[in-house]
Amino acid sequence: VRISYRELLGACNRFANAVTQLGLQRGDRLFVLAPRLPQLYAAVLGGLKAGLVVSPLFSAFGPEPIATRMNLGEARALVTTTTLYRRKVEPVRARIPSLAQALLIPDGDDGDDALPPDTHDFDALLRGASEAFATVATRPEDAALLHFTSGTTGKPKGAIHVHDAVVMHYATALHALDLHADDIFWCTADPGWVTGMSYGIVAPLVHGVTLIVDEAEFDPERWYRILQERRVSVWYTAPTAIRMLMKAGAELARARPFPDLRFVASVGEPLNPEAVWWGKEVLGLPIHDNWWQTETGGIMLANTATLDIKPGSMGRPLPGVEAAIVERLPGGGVQVV
C-alpha cells in the first residue's frame with residue numbers, strides 16, 4: 001500500500017476528530033496495541049495532534065502485561081484490532097477501570113464480524129470524520145509519549161517523553177542515521193517499542209523521507225527482497241535480526257544486489273564484532289552500532305557515518321550528550337572512573 005504524506009495527514013486528522021467527538025481531551029492517555037497496519041500510524045499521529053499522550057504496546061504481549069501497563073498509564077482509550085481485543089483485552093477489561101473507549105480495527109481473523117460490547121469500529125469512525133482538524137496547541141514540555149520498559153528486571157516502568165523530544169528525534173536521525181530527504185528508510189522495529197516509535201514513525205517523517213513498513217514477521221528472503229525491490233538506502237535494524245540473517249547464509253544475501261543501500265545501523269543490544277565484519281563482507285557495508293534506551297527516547301551514542309568503526313564499540317556521544325564510565329560508591333552516589 002502506497003500512502004502519501006497528504007493521505008497520511010487526512011487519516012490523522014480524521015482520527016483526531018473521531019477521538020475528540022468521543023470525548024477524549026488533551027492529556028488523556030491513548031494506548032495503541034496493533035500490528036504494523038496503516039491505521040496504527042494514523043492513530044499515533046492523530047492522537048498527538050489531538051493533544052493525547054500516546055502509549056504503544058507490543059502486540060505479542062499477553063492479557064496480564066497489557067492490563068498492568070494500561071493501569072499504570074491510566075488508559076483512557078485503546079486502539080487495537082478486533083482479534084487482539086477479543087483475545088487479550090476483553091478478558092481483563094473489567095480490571096482496567098479508566099478505559100472508556102476502545103476503537104477496533106476490523107481484521108476478520110476470528111470469523112466474527114460483530115463488534116464486542118462497548119467498542120467502536122475504527123474504520124467506520126474515520127469514514128464519518130472530517131479531514132479538517134486544527135492541531136491542539138501544546139507546550140514544549142507537555143507529555144506526548146508514554147513508553148514502558150520491558151519489565152525484565154521487575155515491574156515495568158513508565159517513561160514520559162515530551163513534545164519537544166521531536167527536536168532530538170530529528171537531530172539524532174540526522175547525525176546517527178545520516179538521514180536525508182531523498183532517502184528510502186526502513187526501520188524494522190515494532191512501534192510497540194521505543195525504537196519503532198522514535199525511528200519507525202517520528203524521525204523519518206520529520207525528515208520527509210520515504211518510510212518502508214513491513215507488517216509481516218521476520219523472513220530472510222523477504223527482507224532481502226524488500227531491500228532490493230524497495231530500493232532501501234538507510235536500514236535500521238537489531239543485532240538479533242542480523243544474527244538470524246547471518247545464520248541464513250551469505251549466499252541468500254548475495255543472490256540480490258542492493259545498489260541503493262548506503263548506511264546500515266543497529267540497536268537493541270550489543271552488536272558483536274563478527275556481525276560488523278559480516279555486514280562489510282556480505283552487504284558491502286559495515287554495520288553502525290548505537291546505544292540508547294527507553295528512558296532517553298533517542299540515540300545517545302553512535303558510530304556515525306564519519307567515524308571509523310571499532311567492531312564491538314557502540315560509538316561516541318552525539319552532540320550535546322556527555323558520557324562517562326562511573327562506579328558506585330559504598331556510601332551511595334557514583335564517581336567518574
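Scanning segment 270-296 for residues that are farther than 27 Å from residue 228 by Cβ and either assigned to a loop (DSSP other than H, G, I, E, B) or touching an Asp or Glu at 6+ places or on another chain (Cβ under 6 Å) (or both) yields 270, 292, 293, 294, 295, 296. Being under 22 Å from the mean Cα position of the chain (by Cα), of a type outside the set (A, V, I, L, M) and open to solvent by 50 Å² or more (accessible area, probe 1.4 Å), is that true of even one residue in segment 51-65? Yes, segment 51-65 contains at least one residue that is under 22 Å from the mean Cα position of the chain (by Cα), of a type outside the set (A, V, I, L, M) and open to solvent by 50 Å² or more (accessible area, probe 1.4 Å).
Scanning segment 143-196 for residues that are of a type in the set (Ser, Thr, Tyr) and part of a helix (DSSP H, G or I) yields 170, 172, 195. If residue 82 satisfies every condition in (1) within 29 Å of residue 138 (Cβ to Cβ); (2) buried (at least 22 other Cβ atoms within 10 Å of the Cβ) but one, which is the exception? If we test residue 82 against (1) within 29 Å of residue 138 (Cβ to Cβ); (2) buried (at least 22 other Cβ atoms within 10 Å of the Cβ), just (1) comes out false.
Given 321, 232, which one is in a loop (DSSP other than H, G, I, E, B) and within 23 Å of residue 159 (Cα to Cα)? Let's see the steps before the verdict.
Values: 232 fails: within 23 Å of residue 159 (Cα to Cα).
321 is the lone residue from the list that is in a loop (DSSP other than H, G, I, E, B) and within 23 Å of residue 159 (Cα to Cα).
Among the conditions (1) at negative phi; (2) surrounded by 15 or more Cβ atoms within 10 Å (Cβ to Cβ), the only one that residue 74 does not satisfy is (1).
The listed residues are 103, 125, and the only one of them that is of a type outside the set (Gly, Ala, Ser) and open to solvent by 40 Å² or more (accessible area, probe 1.4 Å) turns out to be 125.
Which is of a type in the set (Phe, Trp, Tyr), touching a residue at least 24 places away in the same chain (Cβ under 8 Å) and surrounded by fewer than 22 Cβ atoms within 10 Å (Cβ to Cβ), of 199, 170?
On the way: 199 fails: surrounded by fewer than 22 Cβ atoms within 10 Å (Cβ to Cβ).
Within the list 199, 170, the selection yields 170.
Residues of segment 1-44 that are touching a residue at least 24 places away in the same chain (Cβ under 8 Å), small (Gly, Ala, Ser) and open to solvent by 30 Å² or more (accessible area, probe 1.4 Å): 23, 27. Restricting attention to segment 140-157, the residues being of a type in the set (Gly, Ala, Ser) and buried (at least 16 other Cβ atoms within 10 Å of the Cβ) number 2. Among the residues in segment 297-306, are any part of a loop (DSSP other than H, G, I, E, B), of a type in the set (Ser, Thr, Tyr) and surrounded by fewer than 16 Cβ atoms within 10 Å (Cβ to Cβ)? Yes, that holds for at least one residue. Note on segment 220-274: residues that are open to solvent by 80 Å² or more (accessible area, probe 1.4 Å), within 17 Å of residue 287 (Cα to Cα) and touching a strand residue (DSSP E or B) at 6+ places or on another chain (Cβ under 9 Å) total 2. Only residues that are more than 25 Å from residue 158 (Cβ to Cβ) and among the β-branched types (Val, Ile, Thr) were counted across segment 292-318, and they come to 3.
Can you give me the number of residues within segment 173-183 that are among the charged types (D, E, K, R) and open to solvent by less than 10 Å² (accessible area, probe 1.4 Å)? Write out each step before concluding.
Pass one, segment 173-183, residues among the charged types (D, E, K, R): 178, 182-183.
Adding the requirement that they be open to solvent by less than 10 Å² (accessible area, probe 1.4 Å) leaves 183.
Summing the residues that are among the charged types (D, E, K, R) and open to solvent by less than 10 Å² (accessible area, probe 1.4 Å) in segment 173-183 gives 1.
The values are calculated or read from the model by the stated rules, or taken from the named source; none is laboratory data. Quick caveat, the model's predicted, so the values are computed rather than measured. For neighbour counting, all protein chains shown are included, and Cβ atoms are generated from backbone atoms with ideal geometry for every residue, glycine included. For the accessible areas, the whole protein counts, side chains as well, though only heavy atoms, and no ligand, DNA or RNA atoms are used. Shrake-Rupley method; radii C 1.70, N 1.55, O 1.52, S 1.80 Å.
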